[in-house]
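One structure below.
The values are calculated or read from the model by the stated rules, or taken from the named source; none is laboratory data. Quick caveat: nothing in here was measured; it's all calculated off a predicted structure. Every residue, glycine as well, gets a Cβ built from its backbone with ideal geometry; the counts of neighbours run over all protein chains shown. Remember, those area values only see protein heavy atoms, side chains included, never the ligands or the DNA or RNA. Shrake-Rupley method; radii C 1.70, N 1.55, O 1.52, S 1.80 Å.
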Amino acid sequence: MTDPKLLLELGEDWQMLREPVRRICERFPGEYWRKLDETKEYPHAFVDALTEHEYLAALVPEEYGGAGLPLRAASVILETIHASGCNAAACHAQMYTMGTLLRHGSEAQKREYLPRIASGELRLQAFGVSEPTTGSDTTQLKTRAVRDGDSYVVDGQKIWTSRAAQSDLMLLLARTTPADQVAKRSEGLSTFLVDLRAARGRGLEIRPIDTMINHSTTAVFFDRLRIPAESLIGVEGQGFRYILDGMNAERILLGSEALGDARWFLRRAVDYANERVVFDAPIGRNQGIQFPLARAWAETEAADLMVRKAAALFDAGRPCGAEANTAKMLASEASWNAAETCFQTFGGFAFAREYDVERKWRETRLLRTAPISTNLILAYIGQHVLGLPRSY
Ligand SMILES: Cc1cc2nc3c(=O)[nH]c(=O)nc-3n(C[C@H](O)[C@H](O)[C@H](O)COP(=O)(O)OP(=O)(O)OC[C@H]3O[C@@H](n4cnc5c(N)ncnc54)[C@H](O)[C@@H]3O)c2cc1C
């Protein structure tokens, strides 16, 4: 029997979100992003506008002051932002990082934090998982949190903790039981909600990393940082499982951003290919220009279907690890191919900053590497979907 919750809506679903989000984005044209890119500044005005219209609270349930929308709605918001030439990376984590707290936090934690996250009073958009020495091998991370009376004492280092400087709270994954004392390497890791306002200067230091894109990413250092024991989310030692739950949402949402980027590149490239006349004809008449654009469109449409499928499964409460990973991989590849095609279509003008092509091209490249790189997705599919031997 068909599960009604799993029917996919095609075309421009959630029009009631697409139109108003587009209108907000119109207030933040390329010039706004170019200036920030030059000075490596955070897009405060853009984030404030999204907060004011409650888009960042889309996934917080109504009982905690949010809009209580499904993941598909959040997907549409992020895709629209990126298709409009804007970049949601400055704030997208405010949408989904709270999912770990929502699914695994105590009622007291949820009542304390979620309404204020929904209103924008508190920002929870820093996610401290990656570490410099262990990389994709997440379960081997070295940051330790040791229970000491009513506190945990945290020591270690995180890298690529984006938006830590613009966050009030951070979701931290740390080892609470040494790796050699657990049966499975995914055990003994715990998640904490760290109050960055209380921690900065008292054992926590945030240092910006200079990157090729304006991403507000940082290295975070913990030196005997004491956090209250109530910062623990759920059961000690089960944190890796809680983080994985949230990663499916993250992959679907970032896949949606990639789709938005792909649509932006395609629109720009097609307009240019129709307008630019060389050898007395629009360049788009040449198959060398036209066919890569047609292929980029086809890849984008195919990735869109996988993003919708993954979101439908997530919203129906079904397992969606394979689909969420595949959606992120296909969408990031579609956006990268669209970016490259757009870049080539623009000829030398792609290098001129005023067209925004080079900025978006740099920005969309990230999605093939973070939040998980393509190889690790292929390894997941190989092992968990196809049943091939584990390579690591
Ligand atoms: C701008 C930016 C923002 C980020 N934001 C955050 C954030 O907010 N929070 C956070 O926790 N992390 C964040 N990350 C980290 C990101 O998730 C990692 O960079 C990514 O998962 C890859 O890990 P790594 O850089 O350590 O690469 P490594 O693990 O060192 O891998 C390097 C390369 O080797 C490949 N590789 C590794 N092992 C295997 C294998 N077994 N088989 C095949 N190939 C393999 C990888 O696919 C990759 O291509 C961010 C990264 C960047 C660049």
Close pairs from the range 263-290: first within 21 Å of S335 (Cα to Cα), partner open to solvent by less than 30 Å² (accessible area, probe 1.4 Å) and not in a helix (DSSP H, G or I), Cβ under 9 Å, at least 6 apart: W264/G85; W264/D356; R268/G85; R268/F346; R268/D356; A269/F346; Y272/F346
Subset tally (residues that are more than 12 Å from the ligand (Cβ to nearest atom), of a type outside the set (V, I, T), in contact (Cβ under 8 Å) with a residue 24 or more places away in the chain and more than 17 Å from L259 (Cβ to Cβ)) for the range 350-365: 5
Checking A108 against (1) over 27 Å from K5 (Cβ atoms); (2) open to solvent by less than 20 Å² (accessible area, probe 1.4 Å), the condition it does not meet: (2)
Conditions (1) open to solvent by less than 60 Å² (accessible area, probe 1.4 Å); (2) under 21 Å from R241 (Cβ atoms); number of the one not met by E333: (2)
One residue from G347, G321 being over 21 Å from the mean Cα position of the chain (by Cα) and modelled with pLDDT of 95 or more: G347
Qualifying strands (runs of 3 or more DSSP E) (wholly inside the range 67-184; at least 1 residues being away from the ligand (no atom under 16 Å from the Cβ)): 144-148, 151-158
Subset of the range 345-365 (residues that are crowded, with 17+ Cβ neighbours inside 10 Å and hydrophobic (A, V, I, L, M, F, W, C)): F346, A350, V357, W361
Filtered residues of the range 371-392 (kept if more than 10 Å from the ligand (Cβ to nearest atom), touching a Gly at 6+ places or on another chain (Cβ under 9 Å) and of a type outside the set (A, V, I, L, M, F, W, C)): Y380, H384, P389
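Go through the range 262-314 and give me each residue that's assigned to a strand (DSSP E or B) and among the β-branched types (V, I, T).
Selection gives V277, V278.
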The range 196-219 residues that are on the phi > 0 side of the Ramachandran plot, paired with ones that are part of a loop (DSSP other than H, G, I, E, B) and open to solvent by less than 30 Å² (accessible area, probe 1.4 Å) (beta carbon under 7 Å, 6 or more apart): S216/Y42; S216/S162; S216/R163
Among residues of the range 233-261, those that are buried (at least 23 other Cβ atoms within 10 Å of the Cβ), out of contact with any helix residue (DSSP H, G or I) (no Cβ under 8 Å at 6 or more places or on another chain) and not in a helix (DSSP H, G or I), counted: 0
Residue count, the range 119-140 (criterion: open to solvent by 10 Å² or more (accessible area, probe 1.4 Å), touching a residue at least 12 places away in the same chain (Cβ under 8 Å) and among the small types (G, A, S)): 4
Index of the failed condition, G203 passing every other in (1) closer than 25 Å to A118 by Cβ; (2) open to solvent by less than 30 Å² (accessible area, probe 1.4 Å): (1)
Looking only at the range 56-66, and only at residues there that are outside any helix (DSSP H, G or I) and under 17 Å from the mean Cα position of the chain (by Cα), the one that is surrounded by the most Cβ atoms within 10 Å (Cβ to Cβ): V60
Counted residues, the range 39-55 - those being open to solvent by 10 Å² or more (accessible area, probe 1.4 Å) and in a helix (DSSP H, G or I): 7
Count of the range 16-38 residues which are open to solvent by less than 80 Å² (accessible area, probe 1.4 Å) and of a type outside the set (A, V, I, L, M, F, W, C): 9
Filter result for A183 (open to solvent by 30 Å² or more (accessible area, probe 1.4 Å) and farther than 21 Å from A370 by Cβ): yes
Scan of the range 153-180 for residues that are open to solvent by 10 Å² or more (accessible area, probe 1.4 Å), β-branched (V, I, T) and closer than 16 Å to G239 by Cα, ordered by number: T176, T177
Filtered residues of the range 194-209 (kept if within 16 Å of the ligand (Cβ to nearest atom) and under 23 Å from E121 (Cα atoms)): V194, L196, L204, I206
Given (1) open to solvent by 30 Å² or more (accessible area, probe 1.4 Å); (2) in contact (Cβ under 8 Å) with a residue 60 or more places away in the chain; (3) within 16 Å of the ligand (Cβ to nearest atom), index of the condition R368 fails: (2)
